[in-house]
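Heads up: the structure comes next, in structure tokens.
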Amino acid sequence: MKILLALVTSASLLSANTLLEKVDRNLQPVSSESYKKLVNIEPDGSKKEFLLYQVKKDKDKMVSLFLEPESEKGRATLRLGDNMWLYIPNVGKPIRIASMQSVVGGVFNNSDIMRLDFSAEYTVTSQKESSSEYSLTLKAKNDTVAYDKLIMTVDKKSITPKKVVCYSSTNMLIKTLRYKDVKKFATGIVRPAVVETVSPFYKGYKSIMVYGKITPKNFANEVFTLDNISKVGTLRR
Amino acid sequence: MRRALLLLMCLCSTYVSADDYSFDMESIETKSFEYSGYLRSEYKYQNLNPDSPLYTLLNKSDNTQHTSLNEALFRFTHYKDDFKLIGALSARYNNIDGVGEDIFTIYQLYTNHKLSLNHSIDVGKKTLKWGTGYFFNPAALLDRPKDPTQPENAYEGYVMANYTYNKSFEGDLKNLKLDLIYMPTTSKINDDFFNERSSTLAMKLYLLYLDTDMEFIYLYNDRTKDKLGFTFSKNLLPHFEVHGEYAKELDGYHSYLLGLKYVTETDVTITSEYYYNSEGLTEEQISPAVKIDPFSAKSYFVNKFSKKEPFDIVYSSIYFRDMLNLEDHSHLDTVGFTYTFKNNLAIDFSYNLNTGKNESEFGKKMVSDFAWLKATWYY
């Protein structure tokens, strides 16, 4: 009986991991380029906007370029698996950075901006289901991931996240991400266009990420190399 | 009524407007000519050191000195098919103690031609910025020396032709990049490198192997001794990076650097570097000199501690930096604050103190301490 129960549990978690992969594919194609806007809203209502161009391939490759504001323009980050580099035009060469380091300030950190597939970084450890939602508990595959545990609420209809709550390894709440405004970006890409983030570490602050464009596109592996980090803008042409 | 009030309060408390959720598609249109840059103004209020030999030599009577530096930097890229023209031009006006000076410099001006996915060639004036060190780069054999007190500043390159082969792989070796460089010198071109007619050929092989950046460098010049170099950088943990550089002139000097970057749980970034140069000055050589070139001693140990968003002030940071001359144990200590405003204005205000025995590198500086304000507006 115990063996049967264990088999049923592992089978259901296997399908839960498949579900997580489906969530990933709905959020972003395997290889794509996208434009997104970040808005940091301070308690007094003042705002700062950032515009990002991103290129992603497979489960472990991503490069981002800041297009706005002028004070950040030309900054680029490259993620290749667990390796992450930052390029600043004045410095003129890429430097290795930590995933938890904040690139822009405010609630978002590098890992939120340079997010790879959830299924690349997390394994589903438990799954609950209601008539309209799945609730998945995700555990980080290793300690290089910024958040140790995620509780993800998935909309059954669109198979995209509605909410992701992020916890540290000591079970401390770090931030909550809310996904809103489901819309079609390209054939097969119907996903929330807006991600709102709040954190107890930034009381009164709020960050919004708005996707403007997501286009499936294939890129060579050489795009995700240090040689290319200063030339990311060329890919937009 | 109460519900309406509650709704109004909720709306007011979030400060989110419909604009925040909209996306301006015009903002992502590409242009064939793109530019950026900054206007920077710096002011230093300096207290002079009457015990400095330079103070006596220059017959100074004041105890203070005012310095202002102003710079306009214009950076551009012009895209044309597989060609790019890349430039960085700088115009500066310096005023040191009432004496003005204009300087116009072409930092970079070169063409980039992408021959294919793996091959490209750059021709013109280019800054290479080799090495993994933050304050010092002994392996930057084809770069002008950088100022360790301002390691993030842009600086001038050399005229060269640079061929690059770049290839990605699956497995332990993820990336290989080979640079081949030809750099001529005459009494007019690249004369800072060698002030006579000469030819330099250099090779740099970069590998991303087992998640470690490594570079192997060889430099041949027909008039001077050959040089070789090696660099590495690796994240031992997500928040702990180590790096190093080694350079050697055949039958000549050798120089190396070992460094680390550590991010604490409280988001303090610690950058530490030890630098050694076999041809650097010893305490005995520094002591009798009236003035020595900055950072020309045999060994230094530099530590910087910076904390982002102190006291929950977003877009700000505070830092403390200690630059220690290990030969005579004199220091340059800096404590500073940076803030980036929402209108693309960034300020960096610091207090800097030279300490050490009267005959030491930092102890004999003509300036004993100074307040330094840098304001940079980006466009």
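The values are calculated or read from the model by the stated rules, or taken from the named source; none is laboratory data. If you're wondering where the values come from, they're calculated on a predicted model, not measured in any experiment. Here the Cβ is made from the backbone with ideal geometry for all residues, glycine too, and neighbour counts use every protein chain on show. The accessibility values were calculated without ligands, DNA or RNA, using every heavy atom of the protein model including side chains. Shrake-Rupley method; radii C 1.70, N 1.55, O 1.52, S 1.80 Å.
Restricting attention to the range B:37-78, which residues are more than 22 Å from B:GLN150 (Cβ to Cβ) and at pLDDT 95 or above?
B:PHE76, B:THR77, B:HIS78
Under 24 Å from B:LYS44 (Cα atoms) and among the polar types (S, T, N, Q): which single residue out of B:ASN162, B:ASN153, B:ASN195, B:ASN175 fits that description?
Answer to the check: B:ASN153.
Test B:TYR163 against the stated conditions and say whether it is within 14 Å of another protein chain (Cβ to nearest Cβ) and surrounded by fewer than 21 Cβ atoms within 10 Å (Cβ to Cβ).
Judged against the criteria, B:TYR163 is a match.
Quick one: how many residues across the range B:148-177 are assigned to a loop (DSSP other than H, G, I, E, B) and under 24 Å from B:TYR110 (Cα atoms)?
Count: 7.
Name the single residue that is least open to solvent (accessible area, probe 1.4 Å) among those in the range B:56-83 being under 20 Å from the mean Cα position of the chain (by Cα) and not acidic (Asp, Glu).
First pass over the range B:56-83, keeping only residues under 20 Å from the mean Cα position of the chain (by Cα): B:69-76.
Imposing the further condition that a residue be not acidic (Asp, Glu) reduces the set to B:69-70, B:72-76.
Numbers: B:LEU69: 43, B:ASN70: 50, B:ALA72: 39, B:LEU73: 2, B:PHE74: 67, B:ARG75: 56, B:PHE76: 23 Å².
Here the answer is B:LEU73.
Being open to solvent by 20 Å² or more (accessible area, probe 1.4 Å) and either within 14 Å of another protein chain (Cβ to nearest Cβ) or touching a Ser or Thr at 6+ places or on another chain (Cβ under 7 Å) (or both) is true for just one of A:ILE214, A:ILE151, A:ILE229. Which residue is that?
A:ILE151
State whether the residues of the range B:319-331 include one that is farther than 30 Å from B:ASP51 by Cα and either surrounded by fewer than 16 Cβ atoms within 10 Å (Cβ to Cβ) or among the hydrophobic types (A, V, I, L, M, F, W, C) (or both).
no
Name the residues in the range B:261-290 that are touching a His at 6+ places or on another chain (Cβ under 8 Å) and either among the hydroxyl-bearing types (Ser, Thr, Tyr) or open to solvent by 60 Å² or more (accessible area, probe 1.4 Å) (or both), would you?
Matches in the range B:261-290: B:TYR262, B:THR264, B:SER278.
Listed residues B:VAL314, B:VAL302; which is buried (at least 17 other Cβ atoms within 10 Å of the Cβ), closer than 22 Å to B:PRO145 by Cα and either more than 21 Å from the chain's Cα centre (by Cα) or not hydroxyl-bearing (Ser, Thr, Tyr) (or both)?
The conditions single out B:VAL302.
This table checks each residue for (1) within 14 Å of chain A (Cβ to nearest Cβ); (2) at pLDDT 95 or above.
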site	(1), (2)
B:SER198	no, yes
B:LYS204	yes, yes
B:TYR218	no, yes
B:LEU236	yes, no
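Exactly one of (1) more than 25 Å from B:LEU237 (Cβ to Cβ); (2) open to solvent by less than 30 Å² (accessible area, probe 1.4 Å); (3) within 14 Å of chain B (Cβ to nearest Cβ) is unmet by A:SER199. Its number?
Here A:SER199 clears every test but (1).
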